[in-house]
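Notes follow once the structure below has been shown.
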Amino acid sequence: MKNLKLIQTKSELKALIKELKNVSTGLVPTMGALHNGHKSLIENSVKENDFTVVSVFVNPTQFGPSEDYDKYPRTLEKDLEIAKEAGADVVFAPNPKEMYEEIYFEEKETTLVCPPYKYVNRLCGKSRPGHFDGVCTVVSKLFNLVKPNRAYFGKKDAQQLFIIKRMVKELDFDIEIKECDIVREENGLAISSRNSYLSENDKKQAPLIYLSLKKVKELFQNGVNEAETLIDTAITYLKDFEVEYVEIVSKNDFCPPVSKNVQKGDIMLIAVRTKESRTRLIDNIEL
Ligand code: PAF
């Protein structure tokens, strides 16, 4: 197994990156609490690059004031073990004061990278105003620090992935964005760091989310292509949750299909809160 280096300052990271000559670098941005989903992102990066940096940073700028920033799981020791097992070279785990300038902590302000309103005022962005500005800001900072050839993101956060791909194109980052498949528990639940919040009862209900997506895909494959019918079908499986949204969007612009008829390749997305622990879960499937 390779030696894994833990770096906690930007200056040390920059110095190390500067030393790398003719080396392809992969970046796996994470907020820690690493699980098998992250592990597969790291393994993909290790396969495709000479050097892999995993960032572990619970990014304050992407959490709203009533969100779970303080409660978000922080498990650095375990994260280091998982990153090492997966073959990473560096874990970059700065604290917020290292990552952001003083003005952010004094006045809650920093220069932000803000994606177009059209992409952020819907789906997850609707209930999380400012979330994608925070995501794009921290991801841009990480891109500038690590200067990776490739960066790895999971398809579970489909809107995030779409927005990051647009940002890379529109801001001319010379970085290839690699989309990695959703990793699931045996019961189908998409693996997420927030699954650790689930109560025993929530755990029993949570697999219904993926089941509803699979049923919709089955229906679509059998010729049903009306968006409303497919959305209503999913909702019938989600009675035990508080549904935030169930939507179908085109992969190209992340907007609902204009004709209301779903095309192959469109994506159905779901966000719900569980009844007991009120954990917010998201999932999606390509139709
Ligand atoms: O997907 C996440 O874990 C975060 O949004 C990311 C991309 C690491 C930015 O903080």
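Assorted remarks:
- Residues of the range 248-287 that are of a type in the set (Asp, Glu), farther than 24 Å from Lys204 by Cα and assigned to a strand (DSSP E or B): Glu286 alone.
- For the range 162-174, a residue qualifies if it is surrounded by fewer than 18 Cβ atoms within 10 Å (Cβ to Cβ) and within 15 Å of the ligand (Cβ to nearest atom), and the qualifying residues are Lys165, Arg166.
- Looking across the range 63-90, just one residue is among the hydrophobic types (A, V, I, L, M, F, W, C), in a loop (DSSP other than H, G, I, E, B) and within 21 Å of Glu12 (Cβ to Cβ), and that is Ala88.
- Some residue of the range 21-43 being hydrophobic (A, V, I, L, M, F, W, C) and touching a Gly at 6+ places or on another chain (Cβ under 9 Å): yes
- Any hit, the range 104-125, residues being under 21 Å from Val46 (Cβ atoms) and assigned to a loop (DSSP other than H, G, I, E, B): no
- Where a residue in the range 121-146 is at positive phi and its partner, wherever it lies, is within 11 Å of the ligand (Cβ to nearest atom) and β-branched (Val, Ile, Thr), with Cβ under 8 Å and at least six apart: Gly130/Thr61
- For Thr61, the requirement of being in contact with a Ser or Thr (Cβ under 9 Å, 6 or more places away or on another chain), within 12 Å of the ligand (Cβ to nearest atom) and either open to solvent by 50 Å² or more (accessible area, probe 1.4 Å) or more than 17 Å from Arg194 (Cβ to Cβ) (or both) is met.
- Taken over the range 67-87, the residue count meeting the criterion of being open to solvent by 50 Å² or more (accessible area, probe 1.4 Å) and closer than 27 Å to Cys124 by Cβ is 8.
- Asn49 over 16 Å from Thr75 (Cα atoms) and either open to solvent by less than 10 Å² (accessible area, probe 1.4 Å) or touching a residue at least 40 places away in the same chain (Cβ under 8 Å) (or both): yes
- Tally of residues being under 29 Å from Leu287 (Cα atoms) and within 11 Å of the ligand (Cβ to nearest atom) across the range 129-154: 9
The values are calculated or read from the model by the stated rules, or taken from the named source; none is laboratory data. Please read all numbers here as calculations on a predicted model, not as lab measurements. Positions of Cβ are generated from backbone atoms using ideal geometry, with glycine treated the same way; all protein chains shown enter the neighbour counts. SASA here: full protein model, heavy atoms, side chains in, ligands and nucleic acids out. Shrake-Rupley method; radii C 1.70, N 1.55, O 1.52, S 1.80 Å.
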